[in-house]
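The structure appears below as structure tokens.
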Amino acid sequence: MFTLVAPHTSYHQSFLESHREWAGAHQDGAAVFMADDVTTPEGFEEWVARLLDAENTPEKDGMVPCTFRWITEDSRYVGSIAFRHHLTPALLNSGGHIGYGIRPSDRGRGAATWALREMCSLVAARGELDRVLLTCDDHNAASAKTIERCGGLLEDVRTDEDGDLFRRYWIDVRAAALRTARAD
């Protein structure tokens, strides 16, 4: 059974296992940057503290307050999901409110759909937004299916600065929260 938890240092070993599975690829929803030291206990602790602080950090350098949650199964890190509290022009174009990533060995088990529904319920409970924007690469059929399962309605398909296509979806968070309540 999956759970959403605030980032915590107790997941260090499991996170490192997942990090190796990504093999250097970008981990959506995790906010791991090249300069981040997630391998040492000290570096991991600092990084986790930054993730937790991000929820109350004022906007700067294009960053907005963001709530990070980790998708776990017992003591195992399965993935990350992030909710950006509002949209800058860049996020409105191509980043969206919510990003998520599931470790490669756990894909296809429903973790992303479950986590997205849960995050939509949390956003609905905040009462600040009626809908959220999510984006995914046009060729990422699994992510598109996850978003659509959670009520995502395709607004359009755009081209990024590299010429790659990406999809933009909107999800009504109250409707998603109702679907989550019915599923429980």
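The values are calculated or read from the model by the stated rules, or taken from the named source; none is laboratory data. These numbers come from a predicted model, not from an experiment. Please note: Cβ atoms are built from the backbone with ideal geometry, for glycine as well, and neighbour counts cover all protein chains shown.
Of note:
- Yes/no for Val32 being over 12 Å from Arg76 (Cβ atoms), within 15 Å of the chain's Cα centre (by Cα) and part of a loop (DSSP other than H, G, I, E, B): yes
- Residue list for segment 111-128, filter: without any contact (Cβ under 8 Å) to a residue 12 or more places away in the chain and small (Gly, Ala, Ser): Gly127
- Residue count for segment 61-98 satisfying the condition of being among the small types (Gly, Ala, Ser), within 19 Å of His8 (Cα to Cα) and out of contact with any Cys (no Cβ under 6 Å at 6 or more places or on another chain): 3.
- Residue, farthest from Gly95 (Cα to Cα), within segment 23-44, restricted to residues that are surrounded by 14 or more Cβ atoms within 10 Å (Cβ to Cβ) and acidic (Asp, Glu): Asp36
- First in segment 141-165 and of a type in the set (Asp, Glu), second anywhere and surrounded by 11 or more Cβ atoms within 10 Å (Cβ to Cβ) and outside any helix (DSSP H, G or I), Cβ under 6 Å, 6 or more apart: Glu155/Arg168; Glu155/Trp170; Asp156/Arg168; Asp160/Phe166
Here is a yes/no grid of residues against (1) within 25 Å of Asp61 (Cα to Cα); (2) surrounded by fewer than 19 Cβ atoms within 10 Å (Cβ to Cβ):
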{"position": "Val78", "(1), (2)": "no, no"}
{"position": "His85", "(1), (2)": "yes, yes"}
{"position": "Ser105", "(1), (2)": "no, yes"}
{"position": "Thr135", "(1), (2)": "yes, no"}
{"position": "Ser143", "(1), (2)": "no, no"}
{"position": "Asp162", "(1), (2)": "yes, yes"}
{"position": "Leu178", "(1), (2)": "no, yes"}
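- Checking Arg107, Arg131 one by one, the residue that is touching a residue at least 24 places away in the same chain (Cβ under 8 Å) and within 20 Å of Phe2 (Cα to Cα) is Arg107 and no other.
- Hits in segment 87-103 - residues which are surrounded by fewer than 17 Cβ atoms within 10 Å (Cβ to Cβ) and either in a loop (DSSP other than H, G, I, E, B) or out of contact with any Phe, Trp or Tyr (no Cβ under 9 Å at 6 or more places or on another chain) (or both): Leu87, Thr88, Pro89, Ala90, Leu92, Asn93
- Extreme residue, modelled with the lowest pLDDT, among residues of segment 65-95 that are hydroxyl-bearing (Ser, Thr, Tyr) and in contact with a Lys or Arg (Cβ under 9 Å, 6 or more places away or on another chain): Ser94
- Residue in segment 50-71 that is surrounded by the fewest Cβ atoms within 10 Å (Cβ to Cβ), counting only those that are among the β-branched types (Val, Ile, Thr) and assigned to a strand (DSSP E or B): Thr67
- Residue that is over 21 Å from Arg84 (Cα atoms) and either assigned to a strand (DSSP E or B) or not small (Gly, Ala, Ser) (or both), where the choices are Arg117, Arg109: Arg109
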